[in-house]
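Take a look at the structure below.
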Amino acid sequence: IFNHFLTAVFGAPELAEQVNYNPFLLDRINECEAFFGVPGNFVTVDFVDIGDAILAVKILNDTGGF
């Protein structure tokens, strides 16, 4: 599981706007994969409709990253 979210007490749209975008999201996924040596197979974000999370997972799926 690749956890990618900022949380105060609960998820907040303004926090999701800070981290749910590319290339930041894809770069972080790739860094974690390189560090741990295995790909994540499930991405968790707050507010999937904010930013590029769906696109990032599609790119990873299309390139064999997940």
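The values are calculated or read from the model by the stated rules, or taken from the named source; none is laboratory data. Everything quoted here is computed from the prediction, not taken from an experiment. Cβ coordinates were reconstructed from backbone atoms using ideal geometry, including for glycine residues, and neighbour counts include every protein chain displayed. Accessible surface areas use protein heavy atoms only, side chains included; no ligands, DNA or RNA. Shrake-Rupley method; radii C 1.70, N 1.55, O 1.52, S 1.80 Å.
A Cβ distance below 9 Å, combined with a sequence gap of six or more or placement on separate chains, defines the contacts here; from the stretch 45-66, residues that are farther than 15 Å from Asn30 by Cβ and without any contact (Cβ under 8 Å) to a residue 60 or more places away in the chain reach residues that are surrounded by fewer than 16 Cβ atoms within 10 Å (Cβ to Cβ) and among the charged types (D, E, K, R) in the pairs Phe47/Glu17; Ile50/Glu17; Gly51/Glu17. Looking at the stretch 11-62, which of the residues that are among the acidic types (Asp, Glu) and in a loop (DSSP other than H, G, I, E, B) is most open to solvent (accessible area, probe 1.4 Å)? The extreme case among them is Asp49.
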